[in-house]
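What follows draws every value from the coordinates through simple rules; no lab data is involved. It should be emphasised that the depicted structure is a prediction, and the values quoted were computed from it without experimental measurement. Every residue, glycine as well, gets a Cβ built from its backbone with ideal geometry; the counts of neighbours run over all protein chains shown.
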Amino acid sequence: MHRIMASIDFGTDSIKLVVGEMYRNKLNILAALYEPIMGMEDGLIINDVSFRESLKKIISRADEIIGIPIKQVIITIPPKDLEFSVINGEIKVENPNNIVSGSDVSKVFKEALKGKIKEGREYVNLLPTSFTVDDGRKVRDPKNLVSQTLAARGILITAPKANIYPILIALEKLGVEVLDISLSSIGDFYEYKIDDMKDTSGIIINIGHVSTDISLFNKGILTNTVSINVGARNVDSDLMYIYKIDEGRAREIKETLALSSTKNAKESHAIEVDTKYGDRLIINQLDVSKITQSRIEEILNLCKKQINILTKKEISYIIITGGLTENRDFRLVLNKIFRDKAMVGRVSELGVRHNRYSSAVGLIKYYDDKSRLKDKEYSIFSIEEQQVLGGYDLDDENNSSIVKLFRSFFG
């Protein structure tokens, strides 16, 4: 079976939807869409109708691109009021010859979760830190080992039901089933992870439109996340206030004229704009970059303070992502604040090379990894639907769904 999944990432001002196929341990992007979000504020739905219309619009666009209705998704939820706790579970391995299977992994997870979720809260993630077999060995993947018992230890993440259920209900009303729930920071980790990150501690920062999330990972496991109420919108607000322009024009200037640093900004590079009061202004790149740099420095310095609060351990990596990191010369400001201790993450998959999609893309990789641990195969499309999508012999492993899409582009 070809492993095809759709993920939806709910940001503070937009929805990102990605459909991808895991093929030979690589992710092929079949669709990547971005849509402004309506009816949600501070991670909570404030207008059901508007929120559902935003969802309907982006899902319909994806259906049109793929050619098959998307009926199943995995989603992120806003990291609001999360609780982290360590849980343990143990089961007897009852398979022939006591060989641990993927079903045993699922069983020990269920055992570990019994009675651990508080009233009014809902399961978001269970991140396994280790499995223990009979001889006391701690392993990351116990499958195919011989053991009479299997114990598991992990980090349980829960959120208030009130934060999750309205999103699930909105998708259900559109005929879309949610297969799994996760956090955007976990998607970011899986998008940017390298082998060294499995054995070290690090930070991933996602600068969103309204807020910025700072997440602490220890040996590949999310152990804490905090949000600060500053983001790309603050840059827009500065430009709106200083130049007396509307939000759309401010965002356009930020993305096309302004640089994140004044180092390469040119006073001779200028544009004319009309203010909200009908006046005509000439704005040059140097002046607007001073405003942009000042706000980005503030955001990064606030992140730096939060990192010191989150942990006193040695940090091996700091990765910054989010749409604002796409602004030109962002790396120059990052190096000024963090020296050589931080880097800008880069989404490199063909067809989705923008950091606003990092969480949605990484979420598919996370779900693939989770499914492999449980020995489960998945696809949001049936065999018959895959055949319609691919137009190829499904028994031929050299064929991938993305091949059909390229063929359709080039006839």
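Among the trypsin sites (Lys or Arg not before Pro) found in the range 294-352, those both in a DSSP coil and sparsely packed, with 13 or fewer other Cβ atoms within 10 Å of their Cβ, are LYS312, LYS313, ARG339. Other residues with beta-carbon under 9 Å from the beta-carbon of GLY345 carry, at +1 per Lys or Arg and -1 per Asp or Glu, a net charge of -1. Give the separation of the Cα centroids, the range 118-135 to the range 29-104, in Å. First find each Cα centre; the distance between them is then 18 Å.
Each Lys and Arg contributes +1 and each Asp and Glu -1, all at the Cβ; summed about the Cα centre of the range 233-297, the dipole is approximately 140 debye.
Tell me the GluC sites (Glu not before Pro) within the range 50-101 that lie in a loop according to DSSP and have at most 15 other beta-carbon atoms within 10 Å. Write down the numbers at each step before the final one.
Numbers: sites: GLU53, GLU64, GLU83, GLU90, GLU94; in loops: GLU94.
Passing both the DSSP loop test and the Cβ count: GLU94.
Count Lys and Arg as plus one, Asp and Glu as minus one, and take only other residues whose Cβ is under 15 Å from that of ILE283; the net charge is then -2.
Placing dummy labels 7 Å off each Cα toward the beta-carbon, the span from ARG331 to LYS313 is 2.9 nm.
Built from the Cα atoms of the range 83-160, the convex hull projects on average onto 4.8 nm², one quarter of its surface area. In a reduced charge model with +1 at each Lys and Arg Cβ and -1 at each Asp and Glu Cβ, the chain shows a dipole moment near 1000 debye about its Cα centre.
The C-alpha atoms of the chain define a longest principal axis, and helix 48-66 lies at about 80 degrees to it.
For the chain, adding -39500 (n - 2.57) for each run of n ≥ 4 DSSP H residues and dividing by the number of residues yields -11000 deg cm²/dmol at 222 nm. Relative to the Cα centre, the charge distribution of the range 185-240, modelled as +1 at Lys and Arg Cβ and -1 at Asp and Glu Cβ, gives a dipole magnitude of about 140 debye. Considering only ILE167, PHE189, THR311, and ranking their Cα positions along the charge dipole of the chain that arises from unit charges at the beta-carbon of Lys, Arg, Asp and Glu, the one farthest toward the positive end is THR311. In plain terms, the residue of LEU126, LEU55 with the fewest other Cβ atoms within 10 Å comes first and the most crowded comes last, giving LEU126, LEU55. Residues with beta-carbon under 13 Å from that of ILE58, excluding ILE58: net charge, scoring Lys, Arg +1 and Asp, Glu -1? Taking every other residue near ILE58 into account, the sum is 0.
Its Cα gyration tensor gives the chain an equivalent ellipsoid. The semi-axes, each the square root of 5 times an eigenvalue, are 39, 26, 20 Å from largest down. A crude spin-label estimate for the pair GLU53 and THR200, with each label 7 Å from Cα along the Cβ direction, gives 4.8 nm. For the range 233-297, the alpha carbon positions stretch 32, 26, 16 Å along the principal axes, listed from largest to smallest. Each Cα pair of the range 318-367 feeds into the Kirkwood radius, which the Stokes-Einstein equation turns, at 25 °C and 0.890 mPa s, into a diffusion coefficient of 211 µm²/s. The GluC sites (Glu not before Pro) of the range 98-170 that meet both conditions, a loop assignment by DSSP and at most 14 other Cβ atoms within 10 Å of the site Cβ, are GLU119.
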